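Every read-out reported here was derived from the displayed coordinates using simple, explicitly stated rules and does not represent laboratory data. What you see is a predicted model, and the numbers here were worked out from it, not measured in a lab. Here the Cβ positions follow ideal geometry from the backbone for every residue, glycine too, while neighbour counts run over all protein chains shown.
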Amino acid sequence: MTKPDAVTGPRRFQTATEGIEAEHRLLQAAREGQQGALIWVAERPGLVVPRALSRRPGFARAAKTSATRGWPVHLRASGGGEVPQGPGIVNLALAGPANGQPTEVIYRNLCEAIGTALASLGIATEVAPLPGSFCDGRWNLLVRGRKIAGTAQRWQPCADPRAGWAVLAHAVILDEVGLDACLAAIDGLRAGLDLPPTLGPGVHTTVAAERTSTGGASLCETLGAIGSSSCPGSVSILPQSNFNRAATG
């Protein structure tokens, strides 16, 4: 099995399915007591949806129609809603034994780490739900009331029952993507499933639109620089040495 810190990044995958599979390997290694990180981008646009959505009436036709528009649909094991993937959208995954930490603490640590990275680009964030945004939840990162990132978790029992649970904490960050296109893709799929649309680009934003200067480090570089020295104790499921090796190798 590939160890998490051998899954280096930022990685570029052809499709979102390849990124999902890499995250799965990360979580399986976490079940064995290992820790690691992955930053990845999909080269081709697509929509990632929870597997449960595929059981909704009309899903096969809606997914086929989405694919003809250039947005193929990929399934994931976790819950939530539809998430865009493709160039300009950055994914961050951290995995390791939960060590008894509850879901809320894992979410808070992830959001604080990303908030620190965005702050280095001059972007101040807050954590809150935002009805009408894609894949809305309690642990969105917002900039002036507009969603810039969403988060999720996936838990599995460790291989050793005495070790408790392993967790993969994931974030999708809107870096420099065209909001009109990706939200239209989500709304097109939702229309085919008789679901209400999002509130569109007006409740979303990107790193490119919010950062205070065009020069300096990229989002991937700032994510790779997160460590205990800049964010004390914030990524407690992931030691600084493993994160830096995995994120910037």
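Determine whether the stretch 146-159 contains at least one residue that is of a type in the set (V, I, T) and touching a Cys at 6+ places or on another chain (Cβ under 9 Å). Lay out the reasoning, then the answer.
Pass one, the stretch 146-159, residues of a type in the set (V, I, T): 148, 151.
Restricting the remaining residues to those that are touching a Cys at 6+ places or on another chain (Cβ under 9 Å) gives 151.
Yes, the stretch 146-159 has at least one match.
Report the residue count in the stretch 96-141 for those that are farther than 28 Å from D187 by Cβ and among the β-branched types (V, I, T). The total comes to 4.
Can you confirm whether L142 is over 14 Å from the mean Cα position of the chain (by Cα), buried (at least 16 other Cβ atoms within 10 Å of the Cβ) and touching a residue at least 24 places away in the same chain (Cβ under 8 Å)? No.
Within the stretch 177-217, the set of residues being assigned to a loop (DSSP other than H, G, I, E, B), farther than 26 Å from R61 by Cα and touching a strand residue (DSSP E or B) at 6+ places or on another chain (Cβ under 9 Å) comprises V177, T205, T206.
Which residues, counting only those in the stretch 82-105, are closer than 24 Å to G33 by Cα and either of a type in the set (D, E) or surrounded by fewer than 24 Cβ atoms within 10 Å (Cβ to Cβ) (or both)? Lay out the reasoning, then the answer.
Kept after step one, since they are closer than 24 Å to G33 by Cα, are these residues of the stretch 82-105: 91-105.
Selection gives P97, A98, N99, G100, Q101, P102, T103, E104, V105.
Checked against the criterion of being of a type in the set (D, E, K, R) and surrounded by 14 or more Cβ atoms within 10 Å (Cβ to Cβ), the candidates R51, R61, R154 yield just one match: R154.
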